[in-house]
Amino acid sequence: MTERIPCIREGCTNTILPATAAKTGGYCMPCKQEMEREERQRYIEANRRDVNLYAGITDPVEVLKIMHEPQVRDPLIRYVSYGQSKEQVYLSLSAEQQDEMKDYAMQRIRTGDEDTGRDILLYLVCYHDVSLTVEIPELLEQEIYYPAILYKSASAEVRNHLLQQVNTDDENRNHILLTLAHIGDDVVEQQFRQWRQSPPSWASELVVAPEHYTTEAGWELTKDGQRRELFTTPSYSLYKVKESETTNVAITGDSISMLTSSTNCCPWCGSALTTLINLDVKHPALQDVSWHTPRLQIQTCVICSSYGVVYMEMDAAGEPLWSSHNVMPVGADDIDPEDDVKLTPDVGRQFRIANAPRHVFHASEWAMEPSLSQVGGHPGWVQDAEYPTCPHCSTRMKAVAQLDWGEVEEYGEGMYYMFICEPCQMTAVSYQQS
Ligand SMILES: [Zn+2]
Ligand SMILES: [Zn+2]
Ligand SMILES: [Zn+2]
């Protein structure tokens, strides 16, 4: 039997056959591979270069085209990021530039790159509410049915076509119902009303009743068949400033405060309740909200509302009170108090409310990574649309704000959704995460 010899690398206790040693210069295979990896890493670090794809480019349309181009992954290249986010560049587009991007998107779709084309159209619709009336017939031809919001501006002709197709197209029915919900004009409303009265034969194949689809587009049919919006408008972004700027409270004054800790405790887990937002009802973001007290305060248990909806009622002075209607959600009974959310004391002071409103569907496509936190506007559902029912009057509550928890805590994730029932002066908070 051949005698094994020790690997010559310092600290290694492996032994190898003399034949291996002859091939590797005395090292065992794991050491040999490790040394090759290290060598490669040294080479990459010594030879990596910065590549700025945006050098000399000032036209935002050209910048966006580059941003939408998949980057070749090469360890020897470090791509210099553009000074602004995709969202910021999209927001800077003039009407003419929006058209240019729209044409470019259609060109991509025609040449087989549906994904990029679709993404661009989605940004244009959410951030600028561009009309795709002319383009939609071509999207249909290409069998692009989603995201359904692209169909918001469909012509009457397309709408009629979809109203026919939904009866026969088993494969795309789900998407078509969503496109109809987004079109949401009088004729569509009438159709959903009719489906509710006498469900079509295909309704049994759906997970939810056809009229439930309207909630994905932010509206519902009331009991007496009227269209009712499920989110408040206008929409104002809630954005974060750098910690160093937080002393400058003059910018916001007293109109909003966020993420303050209450002296009241959660009856379920015992931790302090948090006021997610506290906004002056005279703020333009609440111009169409009917609230009886000077400030809209939305308070919750941040821990427990991630398990289920937490409702609050208002006392005569508008101070939030834990609602007797709250039902402890499954899982909330064995919360470890150690999991308590510990907010940086000043985090709320880093948030500002925008000076001007933005389009109401701006944050509605969560996956596009827009700035999500807002007061007013269509919610950015991480999962399916889920408006809580007011426990007092049994109607769906209206979405009034949302807070991206990734902006609040360093390792935070998911989204808190805030709702109100104006007649009952109740608030609710729910949570979704991917
Ligand atoms: Zn070794
Ligand atoms: Zn709790
Ligand atoms: Zn109510």
For residues in region 218-227 being without any contact (Cβ under 8 Å) to a residue 12 or more places away in the chain and more than 11 Å from ARG196 (Cα to Cα), which is surrounded by the most Cβ atoms within 10 Å (Cβ to Cβ)? GLN226
Evaluate region 38-48: report whether one residue or more is small (Gly, Ala, Ser), closer than 30 Å to PRO357 by Cβ and at pLDDT below 95. no
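Before we move on, is GLN402 without any contact (Cβ under 8 Å) to a residue 60 or more places away in the chain and buried (at least 22 other Cβ atoms within 10 Å of the Cβ)?
On the way: without any contact (Cβ under 8 Å) to a residue 60 or more places away in the chain: yes; buried (at least 22 other Cβ atoms within 10 Å of the Cβ): yes.
Taking the combined requirement at face value, the residue satisfies it.
Would you confirm whether any residue within region 48-64 is farther than 30 Å from ASP119 by Cβ, assigned to a helix (DSSP H, G or I) and hydrophobic (A, V, I, L, M, F, W, C)? Steps first, please.
To start, the set of residues in region 48-64 that are farther than 30 Å from ASP119 by Cβ comprises none.
No, there is no match, as no residue in region 48-64 is farther than 30 Å from ASP119 by Cβ, assigned to a helix (DSSP H, G or I) and hydrophobic (A, V, I, L, M, F, W, C).
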Residues being in contact with a Ser or Thr (Cβ under 9 Å, 6 or more places away or on another chain) and either among the polar types (S, T, N, Q) or in the same structural domain as TYR54 (by TED's automatic domain parsing) (or both) - total across region 68-121: 5
Of (1) buried (at least 16 other Cβ atoms within 10 Å of the Cβ); (2) over 22 Å from the mean Cα position of the chain (by Cα), THR215 satisfies all except one. Which? (2)
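Can you list the strands (runs of 3 or more DSSP E) lying wholly within region 349-424 that have 2 or more residues being away from ligand 2 (no atom under 16 Å from the Cβ) and within 25 Å of VAL208 (Cβ to Cβ)? Explain how you work it out, then say what you get.
Numbers: elements: 351-353, 398-404, 415-421.
Those strands (runs of 3 or more DSSP E) span 398-404, 415-421.
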Going through GLY112, GLY117 one at a time, which residue ends up being of a type in the set (Gly, Ala, Ser) and assigned to a loop (DSSP other than H, G, I, E, B)? GLY112
Can you name every residue in region 413-434 that is surrounded by fewer than 16 Cβ atoms within 10 Å (Cβ to Cβ) and away from ligand 3 (no atom under 16 Å from the Cβ)? GLU413, GLY414, GLN433, SER434
Residue list for region 286-326, filter: over 19 Å from ARG349 (Cβ atoms), more than 16 Å from ligand 3 (Cβ to nearest atom) and surrounded by 15 or more Cβ atoms within 10 Å (Cβ to Cβ): LEU286, THR300, CYS301, ILE303, CYS304, SER305, SER306, TYR307, GLY308, GLY318, GLU319, TRP322
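The values are calculated or read from the model by the stated rules, or taken from the named source; none is laboratory data. Quantities reported herein were computed from a predicted structural model and do not represent experimental measurements. Every residue, glycine among them, receives a Cβ derived from its backbone with ideal geometry; neighbour counts consider all protein chains shown.
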